[in-house]
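Quick one: this structure, given as structure tokens, is what I'll be asking you about.
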Amino acid sequence: MSIHKEVILKIENVSTVYEGERKPAIKDINLTVNVGELIYIVGPNGAGKTTLLETINGLLPYIKGRVFVFGMDLQKNGRKIRSRIGYVPQDFMVEPDEPFTALDVVLMGLYGKLGLIAKPTNNDVDKAYRVMKLLGIEDLAKRPIGKLSGGQQQKVMIARALAKEPEILLLDEPFSNLDPKSREMVISIIKNLNDHGLTTLIVTHDIKSIIENCRRIVIMMDGRIIADASMNEAKRIFEYSTFHTHVYL
Ligand SMILES: Nc1ncnc2c1ncn2[C@@H]1O[C@H](COP(=O)(O)OP(=O)(O)OP(=O)(O)O)[C@@H](O)[C@H]1O
Ligand SMILES: [Mg+2]
């Protein structure tokens, strides 16, 4: 009996070039992701990891190739697709005098579904509080986002992505500002969501934080995917590379 796996994301020969640049930041990328997979994306600075996530999320136009998410062509359905993806960006610049509260920011996660003019309902506010509670930041709800610490802001961004109840979760260095206890907490939340079927792609330099139920690691370098490996294969590649070239970690 063959087990039918449903494809949720398919990237075919995709290259992305930033405006004003000549060299593609990612080149001829091919990647197929099935529903419920948990995939880590690793590689040195400048490898193209963030560019890949932003391309998938429809934030960067690609010059070549095709991307299908939820069976839809990304080029034609960017907004619709984005409303079903939770994205935690690597760099979120927040001005110290930003007027939005942490709660406002979490509620913004819902606007893709609500539309810009719609006011959040009590139900939406309850949902936002529930996710903030899950991350242990409900006490920060009324504080202006710009007055929070880097780690607190990162948790707010994770809460914003989760409040959306996404079908794909894209996390770019989600642990970088977190203390060890918070990191454990976020890892266990992600693991739990993935156990319940949430397709998750995580970019990290922190190989130690790789969740044990991760079965697939994509290694990028110089804009290309150079390995799409199982956890054991990846471990061998890491050992080899740190021993011989110090290139990945
Ligand atoms: N806004 C931009 N304009 C022009 N080039 C860019 C821009 N952002 C990134 N690049 C280039 O694209 C390439 C890939 O960058 P990207 O940010 O995707 O790397 P990364 O793997 O996420 O690196 P890091 O580990 O440092 O986050 C790099 O060569 C980088 O210089
Ligand atoms: Mg990056």
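All of the numbers you see were taken from the coordinates with simple rules; none came from a lab. As the structure is a prediction and not an experimental result, all values here were calculated from the model. Glycine also receives a Cβ, built like all others from the backbone with ideal geometry; neighbour counts cover every protein chain displayed.
If I stretch the segment between Asp28 and Lys147 completely, what's the gain in nm (0.36 nm per residue apart, minus their alpha carbon distance), one decimal?
Roughly 38.7 nm would be gained on extension.
Could you check what % of the DSSP bridge pairs in the chain are antiparallel, to the nearest 5?
Here the antiparallel bridges make up roughly 55 percent for the chain.
Quick one: compute the contact order of the chain, relative version, from alpha carbon pairs under 8 angstrom and 6+ residues apart, as a percent. Kindly include the intermediate steps, with their values, before the conclusion.
Values: 448 pairs, mean separation 66.5, N = 249.
Averaging sequence separation for qualifying contacts and normalising by length gives 27 percent for the chain.
Please give every one of the lysines within straight-line cross-link reach of Lys191, meaning a C-alpha to C-alpha distance under 19 Å, and leave out same-chain neighbours fewer than 8 residues apart.
Output for Lys191: Lys133, Lys155, Lys164, Lys181, Lys208.
To the nearest 500 deg cm²/dmol, what mean residue ellipticity at 222 nm is calculated for the chain from DSSP H runs of n ≥ 4 alone, each contributing -39,500 (n - 2.57), summed and divided by the residues?
-11000 deg cm²/dmol
Would you look at the GNM of the chain, springs on alpha carbons closer than 10 Å, and say which of Tyr18, Tyr62, Tyr87 moves the most?
Tyr18
Cα to Cα, under 14 Å, and not fewer than 8 places away if on the same chain: which aspartates and glutamates meet these conditions relative to Lys235?
Asp206, Glu212
I need to check one value: relative contact order of the stretch 92-165, counting alpha carbon pairs closer than 8 Å and at least 6 residues apart, in percent.
52
List residues of the stretch 30-56, by number, whose backbone nitrogen lies under 19 Å from a label position 7 Å along Cα→C-beta of Ser176.
40-56
Treat the count of other C-beta atoms within 10 Å as a stand-in for reagent exposure and order Leu107, Leu59, Leu52 from fewest to most.
Working: Leu107 20, Leu59 13, Leu52 28.
With the fewest neighbours first, Leu107, Leu59, Leu52 line up as Leu59, Leu107, Leu52.
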